[in-house]
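To keep things clear, I will list the structure first and then write my remarks on it.
Please treat every number below as a calculation from the coordinates, not as lab data. Just so you know, these numbers come straight off a predicted model, no measurement behind them. As a convention, Cβ positions derive from the backbone with ideal geometry for all residues, glycine included, and neighbour counts pool all protein chains shown.
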Amino acid sequence: MEDLSTLEVIIIAIVEGLTEFLPVSSTGHMIITQNMLGVESTEFVKAFTVIIQFGAILSVVCLYWKRFFRLNHTPLPEGASGLGRFLHKFDFYWKLLVAFVPAAILGFLFSDKIDAMLESVTVVAVMLVVGGIFMLFCDKIFSKGSEDTVLTEKKAFSIGLFQCIAMIPGVSRSMATIVGGMSQKLTRKAAAEFSFFLAVPTMLAATAYKILKLFLDGGTEIIMNNMSALIIGNVVAFVVALLAIKFFISFVTKYGFKAFGWYRIIVGGLILILLLTGHNLEVM
């Protein structure tokens, strides 16, 4: 493996699996981890941190496969015609697509600017703190949702707009989409689960785009030379994400987001202190 050692691959993949579905910013943690390991930010390393999200995607599909591949998630509307009955079977996937579209468009249009921000530890630290402060109060800001809340196209699109905020490193896609769901009167559990489902098309598209971009930029050899790193990274991210999702759903349903808020503030604050005292933490 040219760009990453096996140990570096495993460590970064563990961080990805642990943090992808927690509201603490997986991207931010991988940037920090990469810096602590002294890993150079090459084109492959940038792509690696995105591509191993595929392993995390599979963990969602594995844990929720019965629900993810089940048709008729919602009751059939009264008086639905034959065509209406058929289309209703795919209602859940339609709403996932509606929620996915905003991030897909903005991600495509501003890919280079997003990549540039990914190299800034300062941006990550600031957003960890800001997001952490918000999470201390989000349970009070958004009243408890109802189990009877129906996820409409409008609500799904609103959650998708929240997801766009997570393009800023350190925000956390999980946090943004869960908060978006809670703002639409979903319960914490329902918002978290929809966030997991929405991660599948979102991260699958990001992974495919990174691989395609590498190929188009002449990176076929880079990918082939580092294939073992990609395989190991995805397997580790998959296993760790399975455990993280189970823990998170149970914890957030019972205790809310305050603990994650304090964690973000502490980590972000420590990084800012190191930066202000002259330590160079920027990704190389």
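With N as its number of residues, region 168-228 has a Cα radius of gyration that, divided by 2.2 N^0.38 Å, comes to 1.55. Selection among ILE31, PHE21, PHE48 by position relative to the dipole of region 1-71 gives PHE21 as farthest towards the positive end (Cβ unit charges, Cα centre).
Run the helix sum for the chain: -39,500 (n - 2.57) per DSSP H stretch of 4+ residues, divided by residue count, reported at 222 nm to the nearest 500 deg cm²/dmol. Kindly include the intermediate steps, with their values, before the conclusion.
Working: 15 runs with 211 residues, N = 284.
Only helices count here, giving -24000 deg cm²/dmol.
Working from the alpha-carbon coordinates of region 122-243, get Rg over Rh, Rh being the Kirkwood radius. Don't jump to the answer; show the numbers that get you there.
Working: Rg = 17.4 Å, Rh = 16.5 Å.
Expressed as Rg/Rh, it is 1.06.
The alpha carbons of the chain give a radius of gyration and a Dmax of 19.1, 68 Å, in that order.
Dipole magnitude of the chain about its Cα centre, charges +1 at Lys/Arg Cβ and -1 at Asp/Glu Cβ only, in debye to the nearest 20? Please report the intermediate quantities before stating the final value.
Numbers: 22 positive and 20 negative charges, 292 e Å.
With only Lys, Arg, Asp and Glu charged at Cβ, the dipole is about 1400 debye.
For the chain, the longest principal axis of the alpha carbon atoms and the long axis of helix 227-255 meet at an angle near 50°. Here the 3J(HN,Hα) profile of region 198-203, calculated from phi with Karplus coefficients 6.51, -1.76 and 1.60 at θ = phi - 60°, is 5, 5, 5, x, 5, 6 Hz, Gly and Pro shown as x. Highest average first, the peptides 264-270, 164-170 ordered by how many other beta carbon atoms sit within 10 Å of their residues are 164-170, 264-270. For region 105-118, putting each phi into the Karplus relation 6.51 cos²θ - 1.76 cosθ + 1.60 with θ = phi - 60° gives couplings of 5, 5, x, 5, 6, 10, 4, 5, 5, 5, 4, 5, 5, 5 Hz, in residue order, rounded to whole numbers and with x for Gly and Pro.
Pairs from the table (LYS113/LYS140; LYS46/LYS89; LYS185/LYS254) lying more than 27 angstrom apart at Cα are LYS113/LYS140; LYS46/LYS89.
For region 112-170, how big is the tail of P(r) above 15 Å, as a whole percent of Cα pairs? Above the 15 Å cut-off, region 112-170 has 66 percent of its Cα pairs.
Mean sequence separation of contacting Cα pairs (under 8 Å, at least six apart), scaled by the length of region 163-256, corresponds to a relative contact order of 22 percent. For the chain, the longest principal axis of the C-alpha atoms and the axis of helix 153-165 are separated by about 10°.
What per residue convex hull volume, in Å³, comes out for region 236-275 when only alpha-carbon positions are used? Display every interim value, and only then the final one.
Working: hull volume 2.5 nm³, N = 40.
Dividing the Cα hull volume of region 236-275 by its residue count gives 63 Å³.
Go ahead and run the numbers for FRET between VAL235 and LYS140, Cβ-Cβ distance against an R0 of 45 Å, rounding to 0.05. After rounding, the FRET efficiency stands at 0.65. Sorting 44-51, 151-158, 250-257 by average packing, meaning the other beta carbons within 10 Å per residue, from highest down gives 44-51, 151-158, 250-257.
If you build the Cα gyration tensor of region 188-284 and take the root of 5 times each eigenvalue, what three semi-axes come out, in whole angstrom, biggest first?
Values: eigenvalues 184, 121, 33 Å².
After scaling each eigenvalue by five and taking roots: 30, 25, 13 Å.
Quick one: Cα centre-to-centre distance for region 3-38 and region 225-284, in angstrom? Here the answer is 7 Å between Cα centres. In region 161-195, whose amide N lies under 20 Å from the spot 7 Å out along Cα-to-Cβ of VAL130? List them in ranges. The answer is 161-181, 183, whose backbone nitrogens lie closer than 20 Å to the label point.
With a 10 Å radius around each residue's Cβ, average the other Cβ atoms per peptide and rank 96-102, 134-140, highest first.
Taking the mean over residues of other Cβ atoms within 10 Å, the ranking is 96-102, 134-140.
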